[in-house]
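Only one structure is covered here, and it is reproduced in the block below.
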Amino acid sequence: MIGVHRLEGFYWVATTGGYARAARAFPYPISQPGVHQQVKKLEEELGLSLFENAGKDNLLLTSAGKRLFEFIQPFYSALPGVVRSLGADDLRGELRIGAPSMYLHNLLPTWLRRIQEASPDIRVVAEETPWGEVERLIRGDFDLLVDYLPEIPDRLAAVQVASLQPLLVVSSKDPRATRPDLTPQAMKDETFVAYLPGHLRDLQDQGLQQLAIEPPHIVTASTAQAISGFVAAGLGYSLLGGLSSMERFTEGVSVHPIREPEVRYPVWAVWRKDAAPNPMRDIALATAP
């Protein structure tokens, strides 16, 4: 028999890919050597290596480790939700929602008000996340993730709660900024301010391709706020997604909806199909926009 408590150390190392990150991710205080000892004791009891080194504090699962992780992962990832749902029939408890900044500011406030009106005892914890933070949802850090996702993984369920529309963003100081019919083609010879590589950059590249625009120069930034700041400073123009044509990014930019081609990108509320029953999540979905 193996020490079942040692499986927890193995789970967190497998989830995070390293002993130091596992110690930080643990739901209670534990040292890095403590996590390391749990895993080593487990390997001794099994007589197998569960990890192989792929660099400094970067561990990969062996074939045996993968089989063990596939077995225990559903239990440990669902456990926080089960604990929160115990005694939750009266809808008292905590609902955790992750979302990028745009949705926290422009989508969640009215939605959270509806949740509170439907069940005042629900305590909502909303956390700003990077775009596409699916792994933390799968790990059980959130009950719901609100985000644009190009594809919904098989193990997740989703309902659409909003749509993004593409917007042309130019500096307010540009003489063309006041034109109501301004199109991206009018800016094609200017520098383009793009996201760093990732699925948001892929969307921008697809948009430029649809518009038959090949920017002569590209400047990159990591967030919509940074991009709009670069645009406001006169470094170029950009294509950004907004929940409406009235989207406000930062002072000093002019926003123009792109009407041709007409494209919309779905924003989803996403949760794990194998998550424990959660009446609070059900209330949130029932009141979703």
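The values are calculated or read from the model by the stated rules, or taken from the named source; none is laboratory data. The shown structure was predicted, so the numbers you read here are calculated from the model rather than taken from an experiment. Here Cβ is always computed from backbone atoms with ideal geometry, including for glycine, and neighbour counts include all displayed protein chains.
When the residues of region 199-224 are filtered to those that are small (Gly, Ala, Ser) and out of contact with any helix residue (DSSP H, G or I) (no Cβ under 6 Å at 6 or more places or on another chain), the one that is surrounded by the most Cβ atoms within 10 Å (Cβ to Cβ) is Ala224. The criterion of being of a type in the set (Lys, Arg), free of Cβ contacts under 8 Å to residues at least 40 places away in the same chain and in a strand (DSSP E or B) does not hold for Arg176. Of the residues making up region 23-33, those that are surrounded by 15 or more Cβ atoms within 10 Å (Cβ to Cβ) and assigned to a helix (DSSP H, G or I) are Ala23, Ala25, Gln32.
Here is the figure for region 262-289: residues that are within 19 Å of Phe75 (Cα to Cα), modelled with pLDDT under 85 and surrounded by fewer than 17 Cβ atoms within 10 Å (Cβ to Cβ) total 2. If you go through region 122-165 and keep only what is assigned to a loop (DSSP other than H, G, I, E, B) and either crowded, with 18+ Cβ neighbours inside 10 Å or touching a strand residue (DSSP E or B) at 6+ places or on another chain (Cβ under 8 Å) (or both), you end up with Thr129, Trp131, Gly132, Glu133, Gly140, Asp141, Phe142, Asp143, Leu149, Ile152, Arg155. Of the residues screened, Pro109 is not one that is in a loop (DSSP other than H, G, I, E, B) and either crowded, with 19+ Cβ neighbours inside 10 Å or not β-branched (Val, Ile, Thr) (or both). Mind listing whichever residues of region 168-201 are charged (D, E, K, R) and over 30 Å from Val134 (Cβ atoms)? Residues satisfying the conditions are Lys173, Asp174, Arg176, Arg179, Asp181, Lys188, Asp189, Glu190. Across region 31-56, the number of residues qualifying as closer than 12 Å to Arg6 by Cβ and of a type in the set (A, V, I, L, M, F, W, C) comes to 5.
Across region 227-251, the number of residues qualifying as modelled with pLDDT of 90 or more and either surrounded by 15 or more Cβ atoms within 10 Å (Cβ to Cβ) or on the phi > 0 side of the Ramachandran plot (or both) comes to 13. Scanning region 52-74 for any residue that is modelled with pLDDT under 90, outside any strand (DSSP E or B), of a type in the set (Gly, Ala, Ser) and surrounded by 13 or more Cβ atoms within 10 Å (Cβ to Cβ) turns up nothing.
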